[in-house]
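Written below as structure tokens is the structure these notes are about.
The values are calculated or read from the model by the stated rules, or taken from the named source; none is laboratory data. Bear in mind that the values here come from a model prediction, so they are computed numbers and not experimental data. Here Cβ is always computed from backbone atoms with ideal geometry, including for glycine, and neighbour counts include all displayed protein chains.
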Amino acid sequence: MPNQPLDLHRLVLASLLAALIAVGGYIVIPIGPVPIVLQNLFVLVAALLLGSRWAAASVAVYLLAGACGLPVFAGGGGGLGHLFGPRGGYLFGFLIAAWVVGRISETFRQRPVAEIIGMVVGSLIIYAIGVPWLQMMFGLGLGKALAVGMYPFIPGDIVKIAAAYAIVKGVRPLLHSGRRPDHGRSQAEPAE
Amino acid sequence: MIIGFHSGRTVVHRVDARIKLAALALFSLVSLRTGFPGLGLALAAALVLLAAARCSPLHCLRGLKWYLVLLGCIVAARAVTTPGEPVVAHPWLPGTRQGLEAGLVLAGRLLVIALFGLLVTVTTRPSHIRAAVEWYLRPIPFIPQQQVATMIGLLVRFIPVILAQSAELDDALRARAIEQRRNPLRRITHLGMPLLRRTFVTADRLASAMEARCYGMERTGHQWRTGTGDWAALGLVTGFCALLLAIS
Amino acid sequence: MDIIKISGLYHRYPDGRPSLEGIDLTIARGSFVVLAGANGAGKSTLLKHLNGLLRPQEGTVRIAGVPVEQDLLHARRTVGMVFQDADSQIVGETVSDDAAFGPENLNWPAARIRESVDSALELVGLGALRDRSPHLLSGGEKRRLAIAGVLAMEPEVIVLDEPFANLDYDGVRQVLARIVALHASGRTIIVCVHDLEKVLAHAQRLIILQRGRIAVDGPPETVVLAAETYGIRLPAAIRLGGMVESWLR
């Protein structure tokens, strides 16, 4: 996590995006045979908006709060039980995916193609951790684990990557303009 | 839907949050190694403590509903996939005894961990959990524990706010017949975009308000009051965990 | 004795649009000032200069004699600011946690924090709800909590930006009663509104802002007659030839 100087605005935004990731677990869009849950969408959005370090911090705070028994996980209480439970692999996957997607976006200076490829990589990372975890929990073979824990979600993920791209494109300008006028730095800027 | 803190004055409520977190971690690690007898004992302990904390069993059950369904799936899947002797000789019920046992142990462990987690959730003030996390992070270098604590506080504070906003947005979209849209991409962006915009506005205002209230690096820390009861609790938990390890 | 002294204050938005054009203003300790103006008249920008959220691009802002940019902490401790949107200024997970946020930032000892939080919550009438989650409060209660959060830092001046927005009748009365009580206890009150009806009866001074300038400034009963010229609705009672009655009656 970034140390000093204290960037209050980033800190607040990362916390609120962590809350959005938590809320994403509750938002279900009932389309098609497999309902779409928006949680990983917000992980991707946070990664692109915050960059690797703050996005990882955001997800880490979410997981840490949950581990310590704060009610942040969808599907009721349980704290650590969720992290160790069947969905645990996906949750840890979010952490790594957030960092990697943020890193890719930073390295390629937010170029659209790179960001989309980054999100595909990020989604694959989530499954790369989530599916073996599922295998271990349920004692399934790889083929069956993929059939239960990955294939049904792929169409939804493609839609979510497209949506994440559209959303980030739509709100990114606000991120930069929103910060300028408020923080007393305006005297440094030339009055054009 | 969200199970949160219930204020109360029971023994469980009064234990120092740092000790509760340590106990939670200890219990969770130990129960990952226990077999049936230990699990039974741990389960009984969790239920007794929940009762002592005046947490109604129905309430707990509601909170863990979906989790229990998942655990049921684990038992079923294990029973079917593990090779061994069948429980009942019937082609429609292919479960094996070994599989059922393995599934029950795993599900039992997860259930115990979840119940202890629930116990901490229900009996500990969020601000105390936040302060305890800050306390545990203090010795770890390169982690600004005060900022982490602030982020945890804001996360807990804003989950219900954002949840309400998303419900409001969803209603507004339904009122304008969003359900007629077949394109899932449109439906997601129509919900996600305004939600994110509102989050940005909130973040801007929140940052200003925190600045106006002098938020900075040097803050008054939490006042810990650890009494003999707390040390007794820690001793009890350690002893119980040692017992669990011994019988498994 | 003037607690706030502003002279020659100019401000431009980053895109170059002017928002304040030469504000000169002094506010006496213990007064009750209503600052009115249409949307975009520069009210919020002016308020943000009072505690250093914005710093003067030109001109000076002195709080109790000290220029704001010289001692930000002093300005923020002296001038407590209650923003319009209560929901996005409440930080704590419970009512008392939120009231304690400011004092904790000031690094006060725990005993003093407890004392000031207790008295602030009592003052706004939220003493019984201290363990409640802020999300479960009513609109008026949230607004009062926002005021308590500022009060706990024991400021001399309390600035309220649109404190009655989105409140029902009961909520308006709850909040107004607290503001009046705070003034009676000796604090300086600055209330910023675009609608005079609810607060004018208690004001000692009315300042109307228009396009970044002070248009009129003086005792409410004389200044108010000019209100409509500057885009503010004249309270109905005055239009009918009377005086605005307090909403607390």
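Remarks
- Of all the numbered requirements in (1) hydroxyl-bearing (Ser, Thr, Tyr); (2) at pLDDT 90 or above; (3) closer than 24 Å to residue B:8 by Cβ, residue B:226 misses one, and that requirement is (2).
- Residue within the stretch B:82-100 that is touching a residue at least 24 places away in the same chain (Cβ under 8 Å) and in contact with a Gly (Cβ under 8 Å, 6 or more places away or on another chain) present: no
- In the stretch B:60-143, counting only helices (runs of 4 or more DSSP H) that sit wholly within it, the ones holding 3 or more residues that are more than 10 Å from chain A (Cβ to nearest Cβ) and surrounded by fewer than 22 Cβ atoms within 10 Å (Cβ to Cβ) span B:97-123, B:126-137.
- Qualifying residue in the stretch B:224-240 (condition: within 8 Å of chain C (Cβ to nearest Cβ), crowded, with 16+ Cβ neighbours inside 10 Å and of a type outside the set (A, V, I, L, M)): no
- Reported count of residues in the stretch C:127-154, each being surrounded by fewer than 21 Cβ atoms within 10 Å (Cβ to Cβ), assigned to a loop (DSSP other than H, G, I, E, B) and not hydroxyl-bearing (Ser, Thr, Tyr), is 5.
- Flag for residue C:158 being in contact with a helix residue (DSSP H, G or I) (Cβ under 7 Å, 6 or more places away or on another chain), among the β-branched types (Val, Ile, Thr) and not in a helix (DSSP H, G or I): yes
- Leading residue by the ranking (farthest from the other protein chains (Cβ to nearest Cβ)) among those in the stretch A:28-57 that are touching a residue at least 12 places away in the same chain (Cβ under 8 Å) and not in a helix (DSSP H, G or I): A:51
- When B:191, B:173, B:169 are checked against the criterion of being free of Cβ contacts under 8 Å to residues at least 40 places away in the same chain, assigned to a helix (DSSP H, G or I) and at the interface with chain A (Cβ under 8 Å from one of its Cβ atoms), B:191 stands alone in meeting it.
- Residue count for the stretch B:204-223, restricted to those that are among the hydrophobic types (A, V, I, L, M, F, W, C), more than 8 Å from chain C (Cβ to nearest Cβ) and touching a residue at least 12 places away in the same chain (Cβ under 8 Å): 1
- Residue among C:178, C:144, C:205, C:173 that is more than 15 Å from the chain's Cα centre (by Cα) and basic (Lys, Arg): C:173
- Count of residues meeting criterion [without any contact (Cβ under 8 Å) to a residue 60 or more places away in the chain and out of contact with any Lys or Arg (no Cβ under 9 Å at 6 or more places or on another chain)] in the stretch B:101-129: 2
- Scanning the stretch C:1-47 for residues being exposed (fewer than 14 other Cβ atoms within 10 Å of the Cβ) and in a loop (DSSP other than H, G, I, E, B) gives a total of 5.
- Matching residues, the stretch B:186-223, being exposed (fewer than 15 other Cβ atoms within 10 Å of the Cβ) and modelled with pLDDT of 90 or more: B:201
- Selection count, the stretch A:86-106, where residues are of a type in the set (Ser, Thr, Tyr) and buried (at least 22 other Cβ atoms within 10 Å of the Cβ): 1
- Taken together, B:103, B:63 contain a single residue that is small (Gly, Ala, Ser) and over 28 Å from residue B:242 (Cα atoms), which is B:63.
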